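Student: Next up is a structure, given as structure tokens.
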Amino acid sequence: MSIDNTSYQPLGQTTSGYLWLLLVLLLMSIAGGYCAYNMEHQGHHITGMTNQVVWGLPHVFAVSLILTASGALNGATLASVFGLQIYKPYARLSVALAITLLVGGLLVLVLDLGRPDRLAIAMTTYNFRSIFSWNIFLYTGFIFLGVVYLSTMLDRKINRYTSRVGALVFLWRIVLTTGTGCIFGFLVGRSALDAAIMAPLFIALSVVMGTAILALVMMLVARWQRGILPAAVVNALATLLFWCLLTLLYFSVVHHLSNLYVAEHQADERFVLGGPFAVLFWFGHIVLGVVVPLLLLQRLRGLSQPAANKNTGLLLAASGAALLGGMVMVYVIVIGSQTVPQTLFPGKIVTASSFGDAGFAAYTPSLWEWGVGMGGVCFSLLLFAMVLKLLPLCSEAASAAVE
Amino acid sequence: MQKNNSSSPQTDKSLLARRRFLRNLGLLGATAVSSFTLLEVKAREQKANTTGAVTAEKRWGLLIDTSKCSSGCDACVRGCNEEHGIENEGNDATRAQWIRKIDLKDKLTGSESSVPVMCQHCDSAPCVDVCPTGASFKRADGIVLVNKHTCIGCRYCMMACPYKARSFIHETLTNQKPAAPRGKGTVESCTLCVHRVDRSEDLQPACAVACTDEAHSAILFGDLNDPQSKLATKMKEIGASQVRADLQLNTGVRYHGL
């Protein structure tokens, strides 16, 4: 067995860019906290949510953060479970990022509750038929196992357990993402959310969003280390993200084609493909989230290594697009599915109702919701930036000198 | 090395006596607590037997005869709102609606009907399944309720309800009625007027009373489990179906003429 001589240290010199980022993230987190306080104090009537669109933008952020957290573990998994040494210098970053993103996601989820002050009840009173209850264990378990995983990497005395703990965390994150997908997969009253394919679809979305944010963070850390990502790493990330995107596209196509095939789901499917959410679906999810990054990555993969070295910009753009497109996809799934009228009386037309049974529901997210969602993202990144400074997560091998 | 034992036999005796005293005190306490608990359980059992506690012998439900329900009438909605202190006005999308009237037209025949829709008190209630804290629960007699003390306002039950029968309270409420402890940030729905039913089986839910007062008598309340009940005999006579019967939720609210 070869001895690992890679040295790690906390983020070195404090650049002004790092300090500015910290300040912005802190202010945004505080603003998010204020928005959450207002929502809790005044009630959800100040949001765009209603009794028809009951889960709004905070849920989109929370679900996106949770999926991204699970996917951000890709770097560590590939290094310690699949033995790809190229990702080893980034394994610690990957685990720390996964944990902090999940903390942010859970924070948003809790702050959007009608009674966030009753968190203790949610943590102590369980209904084990509820997928939500399972997820409480899956999420807290992920954070616990993530900390153990990171500890095995940080402490050389327990280094030998890294691959075994890594394998356990890998399985755990698959189950976790399945659990998150199942929340939106077994709602019998909403035909758009009554599809078991949601679980694998969410796993595919998770690896796309996670790889994308990991690539962005790796590039940022390399920059803070006054270097750039090595060309081989850029190419490896490009290939990984490319195949993750194709997997996502595959599951998305199967999902929508199967909906078109089943008569019961055709009306809802036509709404997604051609209704008010069509622009978001086609231009947000398909074009921005899949086609554009695929084209950018294909171009990057075709370049020779020295050229790729200078073209991290392509990876940056592809990752950013994939991340945004992923969030749009979550928006279409979570919000779009709630705006479709629920079919209570098949074969009949609703001519009058005081509760919007006849038509599509409207939803416009309020500034408070944007605040809570963005606050959660910023809090995650703030935690990550601080952990980066406190723990030896950065490897010298993680960046190459600028030519 | 010799051990330095400074305690005298007198001290040992007093220590032993203290231990014995504490042990006896503990035993006495445990006996008292367990006896009290046993007495309490016994008393509760006796009380339950004498007051007719909730059992699965009965299954409360409603029969709605749509042929008697008229399009312009919302007496059941008003009756429900008055009984539970629910506002009649405000934003339709955010205010609580335990019952709503829906007017329907058949796509093929063009025939029109009007139906009140409320919590269907499902036997296999999706809202009960998904609730993470168990705040959404079904009583032994089939009434589906929300425990307002443990509801965290996650709204998963609203996502799961096929009938859109649940309301989330978006604003601060004042002057709530004692029988309907409603509050901001929690979810609520039709309770089948459980406070009336528990007081006396002859007390009908407010919607049924209001409908009868309006001389429509389209809503009939009763025990689905008792074949001799007025509800069961009427259902047998005129026939009844469930809303979204395909979901196989075995609803407690049945409709005639859908």
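Student: Taking each residue of B:118-129 in turn, how many C-beta atoms of other protein chains fall within 10 Å of its C-beta, and what is the average?
Tutor: If you average over the peptide's residues, the count of other-chain Cβ atoms is 1.
Student: Next question. Of the candidates A:164, A:92, A:190, which one comes out as most mobile in a Gaussian network treatment of chain A with C-alpha springs shorter than 10 Å?
Tutor: Highest fluctuation of the listed residues: A:164.
Student: Please give me the summed charge of the neighbours of residue A:98: other residues whose Cβ is under 12 Å from its Cβ, Lys and Arg +1, Asp and Glu -1.
Tutor: Taking every other residue near residue A:98 into account, the sum is +2.
Student: Something else now. Can you sort A:234, B:253 by how many other beta carbons sit within 10 Å, fewest first?
Tutor: By the 10 Å Cβ count, ascending, the order reads B:253, A:234.
Student: Provide the net charge surrounding residue A:42, with neighbours chosen by a C-beta distance below 15 Å and charges set as Lys +1, Arg +1, Asp -1, Glu -1.
Tutor: Local net charge: -3.
Student: Would you work out which of A:371, A:400, A:353 lies farthest towards the positive end of the dipole of the range A:286-403? Charges go on Cβ: Lys and Arg +1, Asp and Glu -1.
Tutor: So the residue we want is A:400.
Student: What FRET efficiency comes out for the pair residue A:84/residue A:226, r = Cβ-Cβ distance, R0 = 25 Å, nearest 0.05?
Tutor: 0.45
Student: Test of understanding: ordering B:73, B:207 by Cβ neighbours within 10 Å, fewest first, what list do you get?
Tutor: B:73, B:207
Student: Based on DSSP H assignment, which helices of chain A show an axial Cα extent of at least 15 Å together with a mean Kyte-Doolittle hydropathy greater than or equal to -1.0?
Tutor: Taking the DSSP H segments of chain A (at least 15 Å long, mean hydropathy at least -1.0), we get A:16-42, A:57-72, A:91-111, A:131-154, A:162-183, A:198-224, A:231-261, A:263-274, A:312-331, A:367-390.
Student: While we're looking at this one, here's another question. Once Lys and Arg get +1 and Asp and Glu get -1 on their Cβ, which of B:24, A:78, A:334 lies farthest toward the positive end of the dipole of the protein assembly as shown?
Tutor: B:24
Student: Suppose the chain between residue A:128 and residue A:161 were pulled fully straight at 0.36 nm per residue; how much longer would it get relative to their current alpha carbon spacing?
Tutor: 8.7 nm
Student: Still on this structure, please answer the following. Hey, rough spin-label estimate for residue B:237 and residue B:71, points 7 angstrom out along Cα→Cβ, what's it come to in nanometres?
Tutor: The two pseudo-label positions are separated by 2.8 nm.
Student: Between residue A:246 and residue A:267, how high is the FRET efficiency from 1/(1 + (r/R0)^6) when r is the Cβ-Cβ distance and R₀ = 41 Å? Nearest 0.05.
Tutor: 0.90
Student: While we're here: Modelled label-to-label distance, residue A:283 and residue B:23, 7 Å Cα→beta-carbon offset: nm?
Tutor: Going by the 7 Å Cα→Cβ label model, 8.4 nm.
Student: To the nearest 20 debye, what charge dipole does the protein assembly as shown have about its Cα centre, counting +1 at the Cβ of each Lys and Arg and -1 at the Cβ of each Asp and Glu?
Tutor: Dipole magnitude for the protein assembly as shown comes out near 2320 debye.
Student: Shifting gears a bit: Based on the Cβ-Cβ distance of residue B:248 and residue B:176, what FRET efficiency does E = 1/(1 + (r/R0)^6) give at R0 = 41 Å, to the nearest 0.05?
Tutor: Once rounded, the FRET efficiency stands at 0.70.
Student: Still on this structure: Between residue A:257 and residue B:148, what is the label-to-label distance in nm when each label sits 7 Å out along the Cα-to-Cβ direction?
Tutor: It is 5.2 nm.
Student: A further question follows. In a GNM of chain A with a 10 Å cut-off on Cα contacts, which of A:101, A:67, A:273 has the highest mean-square fluctuation?
Tutor: A:273
Student: Then there is this: What average number of partner chain Cβ atoms lie no more than 10 Å from the Cβ of the residues making up B:177-185?
Tutor: For peptide B:177-185, the averaged partner shielding equals 2.
Student: Right, here's the next one. Stretch residue B:82-residue B:13 to full length: gain in nm at 0.36 nm per residue minus the Cα-Cα span?
Tutor: Roughly 17.5 nm would be gained on extension.
Student: Quick one: among A:219, A:28, A:386, which has the greatest mean-square fluctuation in a GNM of chain A with alpha-carbon springs under 10 angstrom?
Tutor: With Cα springs under 10 Å in chain A, the top fluctuation among A:219, A:28, A:386 is at A:386.
Student: Mind checking the full-extension length gain between residue B:57 and residue B:228? Use 0.36 nm per residue of separation minus the Cα-Cα distance, one decimal, nm.
Tutor: 60.2 nm
Student: Setting aside same-chain residues fewer than 8 positions from residue B:58, which lysines have a Cα under 20 Å from its Cα?
Tutor: Within the straight-line limit of under 20 Å, residue B:58 reaches these lysines: B:47, B:138, B:230, B:234, B:236.
Student: Shifting gears a bit: Per residue of B:243-253, what is the mean number of Cβ atoms on other protein chains within 10 angstrom of that residue's Cβ?
Tutor: 2
Values in this text are rule-based calculations from the coordinates and carry no lab data. Since the model is a prediction, treat every value here as computed from it, not as a measurement. Don't worry about glycine lacking a Cβ; one is built from the backbone with ideal geometry, like all the others, and counts go over all protein chains shown.
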